[in-house]
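To start, the structure itself, in structure tokens.
The values are calculated or read from the model by the stated rules, or taken from the named source; none is laboratory data. On a predicted model such as this, the values are computed, not experimentally measured, just so you know. No Cβ is skipped: glycine too gets one built from the backbone with ideal geometry, and neighbour counts run over all protein chains shown.
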Amino acid sequence: MLYAAYVLSWPSQAADWPTRHRNYGWPDSATLDGVVDNGCDVVPVAHRQCRQDEWMGKHQHRLSFSRAEIVLINSWMPVHQIVYHLLRYFMKTERLTDSADNSGAGTLSNYHIKTLMLWACELKPRSWWTENLNLVKICAELLQTLSVWLTDTRCPHYFIDNCNLLDNSFNVGSSASKLMSTDEEYLSSWLIDNYIGQCAQLCPVYILRLFNDVSTIRKLRNIVSEIIRWRLNTSLYGVWRAVVFAEVNIASLHHYCHTVRSCVCWMNELTKIDQRFSIYFSAVELLHVARKISRNSFNNVMLVDILAILLGSNVFSLRITELNTSALVELLQKSAVERLTTYRQFEARDFGSVVTIVTTDYEAMYAYKRGDYQRCIQLSTQNVHSLLYARHVTSVPTFPMFIQLLDDDIVSLTALTLIVNPECRDHYSGACIGQVTLSLYLMTQCQLKLHHSVTSLAQTLHYIEVAQRKHPPEYTLNYLTLTLIERKIHRTISY
């Protein structure tokens, strides 16, 4: 490990860098000031030609401008960053940097590529990078510049005048020749075969097949667009999975929220991360309080203060003490469902392109619990139609505070799930019920209670069969729930 000595002041060896004339305004004055204010480092690294000397190899130091380089690179436009990445990838893949030669002679490094980019950002106008944007042309021109540097054995240090990063000991003759012959046509073919083609190897087969024909620019653009679309969706799906994981952890926070202070603290911290998490947290806590009140009645003064925080109105909260236990529990459940619905709306807005998410599942549950079967079947039927053939769907947790929104059959199945597979306690997939399964369950229950026709029940039975093919037995709660409503329908039809 190298131990750097931080130098607070800008070094005299680079005194001319901040004030030298720049035709195109990069870096701007604010960036220049930031670089100079950050100073530099001195690191125990010997010059390459001195490393074999026993004393010099151990004691020689050099200036490091890594702090300055970070500030400068952070000021780059996206096109700068992309070009820098492509240049590094090309040089590494073509074995023109670092380990390209094992003879012991000096070879190019990534630092030479970084130096090339820093000079190009300063010496090229913004229009050169942005007008009629052509990444292949930009990269080809910069590689030609690098080939000239190698031919002349000259790579000017970006910060220190009269400092050359190349000398005659560098074995770069073959690299210079290779780069000199790298024109736009060659680089275009190389990028298709070695960069875009390599990216496509990670994509689904339907994208990979598109490479069978790249005879026109339009076809190539379509391929790249498909790769980008797939990559963005894949990344977004990963973010959604992380959000679902956050839900599980938020639902467990009620163990630590026994005071007003802890409740406020968690809400503030979750809001800093994402407002949706604060909304979800407040819904979970309202359900937790409702569950606690329904078991022990409302005799805790601290709960009044917590509800005042969760409901956001001290005046309204004062009326809570005037309600009986049943009315208060219903009020809290309704408020929680409203927040959960808002949370679902955020979820559908942000992840609806990769996951099919209906926003009325909690509303349907609450309608069923209140006996409003017409409203419940209306929402549930709509949800089934949206979810049945979806590739990815979300779920509803069956943690203790959510159980109160479900009926006795689901509660019993949840308990049975834990008996059959105790490991479900530790896995979200085992402690939840999918939106499509829940919607089918509510739909079936309402149809039975409202005495729907055999034809209607037969259609629902078909929906259940489709859902069963998507939920193997290891998804215990979903499997048991679908099996239960299937048998209920068969029993009703057979009578």
Item to check | Scan of the range 447-457 for residues that are more than 42 Å from the chain's Cα centre (by Cα) and under 8 Å from residue 493 (Cβ atoms), ordered by number | outcome: 454
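If a residue has to be assigned to a helix (DSSP H, G or I) and either touching an Asp or Glu at 6+ places or on another chain (Cβ under 6 Å) or not assigned by TED's automatic domain parsing to the domain that holds residue 190 (or both) to count, how many in the range 138-173 make the cut?
Start the filter on the range 138-173 by keeping residues that are assigned to a helix (DSSP H, G or I), which leaves 138-152, 173.
From what's left, either touching an Asp or Glu at 6+ places or on another chain (Cβ under 6 Å) or not assigned by TED's automatic domain parsing to the domain that holds residue 190 (or both): 140.
Selection size over the range 138-173: 1.
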Item to check | Qualifying positions in the range 11-25 - part of a loop (DSSP other than H, G, I, E, B), free of Cβ contacts under 8 Å to residues at least 40 places away in the same chain and within 18 Å of residue 66 (Cα to Cα) | outcome: 15, 18
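Assigned to a helix (DSSP H, G or I) and at pLDDT below 75: does that describe residue 321?
On the way: assigned to a helix (DSSP H, G or I): yes; at pLDDT below 75: yes.
Taking the combined requirement at face value, the residue satisfies it.
Quick one: is residue 443 modelled with pLDDT of 95 or more, surrounded by 14 or more Cβ atoms within 10 Å (Cβ to Cβ) and under 25 Å from residue 373 (Cβ atoms)? Steps first, answer last, please.
Numbers: modelled with pLDDT of 95 or more: yes; surrounded by 14 or more Cβ atoms within 10 Å (Cβ to Cβ): yes; under 25 Å from residue 373 (Cβ atoms): yes.
It is true that residue 443 is modelled with pLDDT of 95 or more, surrounded by 14 or more Cβ atoms within 10 Å (Cβ to Cβ) and under 25 Å from residue 373 (Cβ atoms).
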Checklist entry - Which of the following residues is of a type in the set (Lys, Arg), farther than 26 Å from residue 82 by Cβ and not assigned by TED's automatic domain parsing to the domain that holds residue 347: 241, 218, 229? => result 241
Checklist entry - If you take the residues in the range 469-483 that are surrounded by fewer than 17 Cβ atoms within 10 Å (Cβ to Cβ) and in a helix (DSSP H, G or I), which one is modelled with the lowest pLDDT? => result 469
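Identify the residue in the range 22-58 that is surrounded by 12 or more Cβ atoms within 10 Å (Cβ to Cβ) and among the polar types (S, T, N, Q) and, among all such residues, is modelled with the highest pLDDT.
If we filter the range 22-58 for residues that are surrounded by 12 or more Cβ atoms within 10 Å (Cβ to Cβ), which is where we start, we get 22, 24, 26-27, 31-48, 50-51, 53, 56-57.
Of the ones still in play, those that are also among the polar types (S, T, N, Q) are 31, 38.
Numbers: 31: 94, 38: 89.
Within the range 22-58, the match that is modelled with the highest pLDDT is 31.
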Checklist entry - Of (1) surrounded by 15 or more Cβ atoms within 10 Å (Cβ to Cβ); (2) at pLDDT 90 or above; (3) closer than 22 Å to residue 193 by Cα, residue 85 satisfies all except one. Which? => result (1)
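Let's see how each residue does on (1) at pLDDT 90 or above; (2) surrounded by 14 or more Cβ atoms within 10 Å (Cβ to Cβ); (3) not in a strand (DSSP E or B):
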{"site": "371", "(1), (2), (3)": "yes, no, yes"}
{"site": "374", "(1), (2), (3)": "yes, no, yes"}
{"site": "381", "(1), (2), (3)": "yes, yes, yes"}
{"site": "384", "(1), (2), (3)": "yes, yes, yes"}
{"site": "391", "(1), (2), (3)": "no, no, yes"}
{"site": "396", "(1), (2), (3)": "no, yes, no"}
{"site": "406", "(1), (2), (3)": "no, yes, yes"}
{"site": "412", "(1), (2), (3)": "no, no, yes"}
{"site": "419", "(1), (2), (3)": "no, no, yes"}
Checklist outcome for this item: Flagged in the range 26-36 as without any contact (Cβ under 8 Å) to a residue 24 or more places away in the chain and among the acidic types (Asp, Glu), in numbering order, are 33
